[in-house]
1. Checking Ala39 against (1) closer than 23 Å to Glu123 by Cα; (2) in contact with a Ser or Thr (Cβ under 7 Å, 6 or more places away or on another chain); (3) at pLDDT 95 or above, only one condition comes out false. Which one?
2. Taking only pairs six or more apart or across chains, which ones have beta-carbon atoms under 9 Å, a first residue in the range 89-105 that is without any contact (Cβ under 8 Å) to a residue 12 or more places away in the chain, and a second residue that is buried (at least 16 other Cβ atoms within 10 Å of the Cβ)?
3. So which residues in the range 53-87 are touching a Gly at 6+ places or on another chain (Cβ under 8 Å) and buried (at least 17 other Cβ atoms within 10 Å of the Cβ)?
4. With respect to Ser110, determine if the residue is out of contact with any Leu (no Cβ under 7 Å at 6 or more places or on another chain) and modelled with pLDDT of 95 or more.
5. Filter the range 1-50 down to the residues that are in a helix (DSSP H, G or I) and of a type in the set (Gly, Ala, Ser) and list them by number.
6. For the range 3-35, which positions are touching a helix residue (DSSP H, G or I) at 6+ places or on another chain (Cβ under 8 Å), surrounded by 11 or more Cβ atoms within 10 Å (Cβ to Cβ) and over 24 Å from Arg151 (Cβ atoms)?
7. Do you know which residues across the range 52-93 are among the hydroxyl-bearing types (Ser, Thr, Tyr) and either in a helix (DSSP H, G or I) or closer than 19 Å to Ala175 by Cβ (or both)?
8. How many residues, within the range 147-184, are closer than 18 Å to Val60 by Cβ, under 15 Å from the mean Cα position of the chain (by Cα) and surrounded by fewer than 17 Cβ atoms within 10 Å (Cβ to Cβ)?
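The values are calculated or read from the model by the stated rules, or taken from the named source; none is laboratory data. Note that the coordinates shown come from a computational prediction; the quantities given were computed from them, not determined experimentally. With ideal geometry, Cβ positions are generated from the backbone for all residues, glycine too; neighbour counts draw on all protein chains shown.
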Amino acid sequence: MPSSRPPFVRLVLFVLGLLLAAWVTSLGAVLAWERNDQARPVSAIVVLGAAQYVGRPSPVLRARLDHAIALFRRNLAPLMIVTGGTGTGDTTSEAAVSQRYAIRHGVPASAILMENEGRTTSESMEGVAAILGSRSRRDVLLVSDPFHMLRLTILARRHGLEPYASPTPTSPIAASPTERWKYALSESVKAPLAFIFERNRR
């Protein structure tokens, strides 16, 4: 039987169906990348910044740093790049806090570079790309929370890096089902937007 719906209604339903399918696909990709550990030898390990409290890393940032330090101890890279700018009301940057923490846990100061201007994931990846400059190798091992890995990888590629993902296995966010799903749902929207708008921006 022919549909009794007006053409405009059918068009709206079709578009909504496409958007729903795209969102489900994006959510599936976010969840798949949570378990995608690509740890391998690279030119640098990149640690994404997170909150710090009066010079002390938050539990989220500490989990990222502990994982990055473990990767460094496996001799997977000669450099560690810590990222994150200074938040509103802060007196120090996330990168500086990360640097001090890594040094206290055995990473040589000479092996740590700081990207301390970025306030967003995209800005941090842009800063990392600038630090690596025209080096022949631009392969990096990205360390962050599992929910973050898909969008982080997209943005790293947009800024000319060759990224590999290594999500921290001790993320406090991933340990909480409520928090994990909240962030995963958010990333399922942010990741495709990053893909579309970063591609058009560059």
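1. Of everything listed in (1) closer than 23 Å to Glu123 by Cα; (2) in contact with a Ser or Thr (Cβ under 7 Å, 6 or more places away or on another chain); (3) at pLDDT 95 or above, Ala39 misses just condition (1).
2. Correct list of pairs: Ile103/Ile112.
3. Within the range 53-87, Leu61, Ile69, Val82, Thr83, Gly84, Gly85 qualify.
4. yes
5. Passing the criteria: Gly17, Ala21, Ala22, Ser26, Gly28, Ala29, Ala32.
6. If the condition is that a residue be touching a helix residue (DSSP H, G or I) at 6+ places or on another chain (Cβ under 8 Å), surrounded by 11 or more Cβ atoms within 10 Å (Cβ to Cβ) and over 24 Å from Arg151 (Cβ atoms), then Arg5 is the only one that fits.
7. Ser58
8. Total meeting the criteria: 1.
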